Amino acid sequence: MSKSYTLVLPPHRNEPNRTEEGLVKSRMESGPCGICHGDMRRVAAGAGAGDDVFTAECSHQFHFRCISGTVARGRIACPLCHARWREFPSFRAKDAPPAASASASASRPFFRPVEPRVFDDDEPLAMGFVIDNLSPCDRLCVISFSSGANRLMRLSRMTDAGKAHAKRAVDSLAARGGTNIGAALRKAAKVLDDRLYRNSVDSVILLSDGQDTYTIPSRGGYGHVRDGGDANYDALVPPSFVTRTDGGRSTPVHAFGFGKDHDAAAMHTIAEATGGTFSFIENEAAIQDGFAQCIGGLLSVAVQELRLDVACLDAGVRVTGVKSGRYRCHVEEDGRAATVEVGELYADEERSFLVFVAVPRADAWDDDVTRLVEVWCSYRDMETGRTTTVAVAGDEAAVVLRPSRVEDYGGGEKSVEVEREIVRVEAIDDIAMARAAAERGEYGEAAEILRSRQRAVARSAAARGGDAMCSSLSGELREMRARVADRRRYELSGRAYVLAGLSSHAQQRATSRQVSGELSSSSSAASAAAALPMGITVSYVTPAMLDMLDRNPCAICLDEIAGGQAIFTAECSHTFHNRCIARNVAHGRRVCPLCNTTWHDLPTPAQPAAVSGDVDDPPLYADDDPVDAPVVGEQAAADGDAAAAMVIKTHCEHAAVARGPSRDNFALVVHAKAALAAAAAGEAQQRAPIDLVTVLDVSGSMEREKLALVKKAMGFVIDNLGPSDRLSVVAFSSYATRTTRLLRMSDTGKATAKRTVDTLVAGGGTNIGDGLRVAARDNYTHRRGRHADLVPASFTRSGGRVAPVHTFGFGADHDAAAMSAVAESTPGGTFSFVEDEAAIQDSFAQCVGGLLSVAAQDARIAVTCQSPGVRVGSIKSGLYASRLDADGRAASIDVGELYSGEERRFLLFVNVPTADAESTHLIKVTCTYKDTATGQTIDVAGDDAVINRPLEVTADADQTVSPEVERERVRVQAMEDIAAARAAAERGDHADAARTLRHRRQLMMECELVIGSAPDPTCAAMAEELVDLEAAVKDAPRYKRYGRASLLAGMSSHGLQRATGTQPKVGLLAAARGGDGRRRREDKLVEFAKRRSYTTEAMESMVSKSRRSRLQQMTTPVPPPQQEMSGSGGDQQRLQSKMRKRSEEEEEEEVENTDLLN
């Protein structure tokens, strides 16, 4: 597989000033095992022979064998800090057979690890990491090549949308054809040459695992070109990439040779000609680390166009030579000046150059010193864009003493800095000589050259003094010597390894190349290498590179490996989430997914039966996306809008009550209404952002059409969330897993959420409690039969606002009692019954439409009696908590959240005393709430409830019952009869249940309540609802199939005075029929829903949008049969067929319900 990646990057980013030694040391630190106190051996990644290490959520580390034995004996607390763990390690020896599938499937795993990936997509994973770490001001272009080259995406800024587009482009890659590196580089050059705008930093990353068979002429045959013979590799490099002779900056190409079959000589030539680096990616597991190191440097460019100038000072001093490696240098003919063109430097990067000068003879009357040279440099600062010149301070100039006897001044000792550079330069020369010998076929000579140089480095004063660079260089020479020992080794990896080393040392810049197990573990170089990821060497690594390497996620789930998580570090030193790798091993894979090292100790999923005691608190999910800072409007504006944000009214049963006798149970209605939002529902910029967690059932009962509809509904929800909203998806079957963290719904977040939802697969049992626990990150002990035990404590705690749970019972097989109990146990939670599969999207839309229009929170209504003797006898507040003082003089109702345009009515019964005055002030009502737009707490007062007190009530107006009070009384009585009917049906007395509902409907029909000349729509809608409920409780089969759920959903809606997602049974007919009939039924559905379910304008708008989307999908032709192999076309066809069949059944039920209503 061959690809090229072109990146155009922005100026320098500030990086922390951390030393290389300190960073490497921090990666190496590891204490002893907390149980056996033995050392935990770490080796270079991929080398094997290390210890398996389990890092617990509390960050303590143990040998995997030690802690597995402890857990097997029932101890689930940390032996050191006694923290209780959520995830436990379970040990299985390499040769032990896997657990029997039957028993394994029968027992429920304690946690659900992420399904393992197929590890044949390392390049897409690596590119995904690169894309994730680019910022919005960076630009990226992706070019793929095989026999030809294609630009997969234009040079795009890495905004959220740009990143999503780039990832889709990378995911679309497929291996095919030959290898045409030249065409790919020409395409990359054209992208950069033709761009309209330019960033200060640009670069090309080239990855290839093959040899160019198109651009390079195979003069001596293909094999001759491969051996590095007389091949014109320069033909691969576009002219605009070649280092310019005028000193201008060219675009560097950082080449990555992948595997053992690539043309290392060609890749090295490309990098050398353009000022880039060549890295050897021997193992596929190191691709991402190699890219991370390269990107870490590119994102930290500190200076550009760096030029060093050297000028001789005293007469007779001459520069005779400069060892500048790959950097272009020039020495004047007279030797009095020299320059070195350095170019770019990353943050914290260093360059050392060896300058040889001729020192003249000093006469006795001259000064005691000879001033050799002065040095200054000029460069362009990336932060300011200015050209800066820096000169060496006068007291640091190159000056030598000129005594008569050197020994008198200790001048026989060489400078450590100079000695180190001499050692490095001589080593580079010998590496080049060894490579030339190996290319001639003199492998013994090449190995001897490297052996001699390795010994010379080890004997140098710098190495004896413990210099880290010399120790690392010595180990690298030993590695090279092993790789050039014979033809086979040299062809497989020696040439590429040597060329990557030459590229690194000649530029004094880090490249990627793997250190094999032949590197002695006793050397300090080996210790340093073991602290770095596989393929990363110590030489020239900067803090920015190490910081990028530290960001590598778990290679299975691609989520970050962070504190508070259970981590498994294998004997090959690769690290994974414990739950991810346990699932991987459970599928029979006994090797490292990255480096294919065979493991001796295998992690397996822990079973709850192996653990005694209660399970304590789970780890925190403290990885959610940040939220925007709250925007607080001006105080004056907030105060001005306070009165309009919430309206409080009171309605008395009668306008007047006679003075003489007292009257008990006088009815009043307290009416609260949240003002309509100024903008349409769902506009993120004019509403409060929400945190939404969707807990989706993916058990076996959700197969095929059901899960397909849920995925479509979730796609609709995701599309209608704003960039400031955050969403997390939790899926559950026999156990629950959080499939996405709490992500902001930017373009990238939406794409991630949709991809996650699309990957859901139905199977297993139904563990609602585990799904809610993962959503709440809380814990409980479940007692069978108690539905309240399903609800985590954090959803029901008193004090402070808690998250409501809105439940949706889908189809005829769900546990309506459990879903209703879950919703009722959380403040403001609703239960919706979605009988029609096609209506799930509309139900979700209605719920989300409300959530996206929250206008008030923490609303609390306070009632205070005014005139003496007035007492509140009782309150009908439905599912809202109410409190009545012992003396009856005050009461309160906790309303909680109100959506925009939502109303609440509460029926109060008060005792009215005798009176002497003409009027009695019954109650005063106030409401306190938090305005979501401003974040301020606002108090609103309503008008006092006042009644006239004539001696005798004679006027018709005074005797007329208030429509508001009567309407609320009818609604409350209907609620009570629905609850009574449900109790009768649960007892099996379906006749009594139907009789109760029929009687209530008849009473409502006899009610003479009118508003103007038309019947009250609320009473009419409730009468129609009672018809549906009466039909649903007529017999046991109907009650079990949909009656129980219908009653509970109705009780939830009326108890909260909030719309639920329960759709009228005509909904499917409207979607299944075409033409004017469908439109008329759709209009009927909308009007019916408005009258019966407390819907707001925001909900109606969102439902209308959902219906338009659904109707458009229904009119889309079914894909041809050949597409059914993917599952989507067949599911769609079966779904439409099933909907048409069900429409006929519902038509019959609709006729029956109409007869009942008439």
> Could you say whether any residue in the range 664-673 is open to solvent by less than 30 Å² (accessible area, probe 1.4 Å), at pLDDT below 90 and not assigned by the TED database to the domain that holds Gln1057?
Replying inline: no
> What about Gly988, is it outside the structural domain of Cys865 (by the TED database), surrounded by fewer than 15 Cβ atoms within 10 Å (Cβ to Cβ) and of a type in the set (Gly, Ala, Ser)?
Replying inline: yes
> In the set Cys137, Cys141, which member is over 30 Å from Gly771 (Cβ atoms), modelled with pLDDT of 85 or more and surrounded by fewer than 21 Cβ atoms within 10 Å (Cβ to Cβ)?
Replying inline: Cys137
>> So Glu417 passes all but one of these: (1) surrounded by fewer than 15 Cβ atoms within 10 Å (Cβ to Cβ); (2) under 30 Å from Gln211 (Cα atoms). Which condition number does it fail?
In response: (2)
> Out of the range 424-461, which residues are surrounded by fewer than 15 Cβ atoms within 10 Å (Cβ to Cβ) and hydroxyl-bearing (Ser, Thr, Tyr)?
Replying inline: Ser452
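Quick grid of which residues meet (1) within 18 Å of Asp429 (Cβ to Cβ); (2) part of a helix (DSSP H, G or I); (3) touching a strand residue (DSSP E or B) at 6+ places or on another chain (Cβ under 6 Å):
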position	(1), (2), (3)
Ala462	yes, yes, no
Cys470	yes, yes, no
Glu476	yes, yes, no
Arg481	yes, yes, no
Arg489	no, yes, no
Ala500	yes, yes, yes
> Of all residues in the range 296-312, which are among the hydrophobic types (A, V, I, L, M, F, W, C) and either assigned to a strand (DSSP E or B) or more than 16 Å from Ser504 (Cα to Cα) (or both)?
Replying inline: Leu299, Val301, Ala302, Val303, Leu306, Leu308, Val310, Ala311, Cys312
>> Going by what's in this entry, would Arg464 be described as open to solvent by 20 Å² or more (accessible area, probe 1.4 Å) and modelled with pLDDT under 90?
In response: yes
>> Restricting to the range 322-350, name every residue that is in a strand (DSSP E or B), open to solvent by less than 60 Å² (accessible area, probe 1.4 Å) and not charged (D, E, K, R).
In response: Val322, Cys329, Val331, Ala337, Ala338, Thr339, Val340, Val342, Gly343, Leu345, Tyr346
> Does the range 721-740 contain any residue that is open to solvent by 10 Å² or more (accessible area, probe 1.4 Å), of a type outside the set (Val, Ile, Thr) and closer than 21 Å to Arg1108 by Cα?
Replying inline: no
>> I'd like to check something: does the range 297-311 contain any residue that is more than 30 Å from Thr384 (Cα to Cα) and surrounded by 15 or more Cβ atoms within 10 Å (Cβ to Cβ)?
In response: no
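From the set of residues in the range 792-826 that are modelled with pLDDT under 75 and either of a type in the set (S, T, N, Q) or under 16 Å from Met702 (Cβ atoms) (or both), which is most open to solvent (accessible area, probe 1.4 Å)? Steps first, answer last, please.
Here is the first cut: in the range 792-826, the ones modelled with pLDDT under 75 are 792-802.
If we keep only those that are either of a type in the set (S, T, N, Q) or under 16 Å from Met702 (Cβ atoms) (or both) too, we end up with 794, 796, 798.
Details: Ser794: 26, Thr796: 64, Ser798: 113 Å².
Of everything passing the filter in the range 792-826, Ser798 is most open to solvent (accessible area, probe 1.4 Å).
Checking the structure you have, find out if any residue of the range 940-947 is in a strand (DSSP E or B) and under 26 Å from Ala1059 (Cα atoms). Don't jump to the end; show me each part of the working.
Start the filter on the range 940-947 by keeping residues that are in a strand (DSSP E or B), which leaves 940-941, 945-947.
Still in the running and under 26 Å from Ala1059 (Cα atoms): 940.
Yes; the residues of the range 940-947 include at least one that is in a strand (DSSP E or B) and under 26 Å from Ala1059 (Cα atoms).
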> Going through the range 827-874 one residue at a time, which ones are open to solvent by 30 Å² or more (accessible area, probe 1.4 Å) and in contact with a Lys or Arg (Cβ under 6 Å, 6 or more places away or on another chain)?
Replying inline: Asp858, Thr864, Gln866
>> Can you find a residue that is modelled with pLDDT of 90 or more, of a type in the set (Gly, Ala, Ser) and in contact with a Lys or Arg (Cβ under 9 Å, 6 or more places away or on another chain) anywhere in the range 925-939?
In response: no
>> Tell me the residue from Leu692, Leu772 that is touching a residue at least 60 places away in the same chain (Cβ under 8 Å) and in a strand (DSSP E or B), please.
In response: Leu692
> If you go through the range 351-377, how many residues are without any contact (Cβ under 8 Å) to a residue 40 or more places away in the chain and not in a loop (DSSP other than H, G, I, E, B)?
Replying inline: 2
>> Conditions first: (1) buried (at least 17 other Cβ atoms within 10 Å of the Cβ); (2) in contact with a helix residue (DSSP H, G or I) (Cβ under 6 Å, 6 or more places away or on another chain). Ala980 passes all but one, so which condition is the exception?
In response: (1)
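The values are calculated or read from the model by the stated rules, or taken from the named source; none is laboratory data. Note that the structure is predicted; figures quoted are calculated from it, not measured. Don't worry about glycine lacking a Cβ; one is built from the backbone with ideal geometry, like all the others, and counts go over all protein chains shown. The area values use the complete protein model at the heavy-atom level, side chains included, leaving out ligands, DNA and RNA. Shrake-Rupley method; radii C 1.70, N 1.55, O 1.52, S 1.80 Å.
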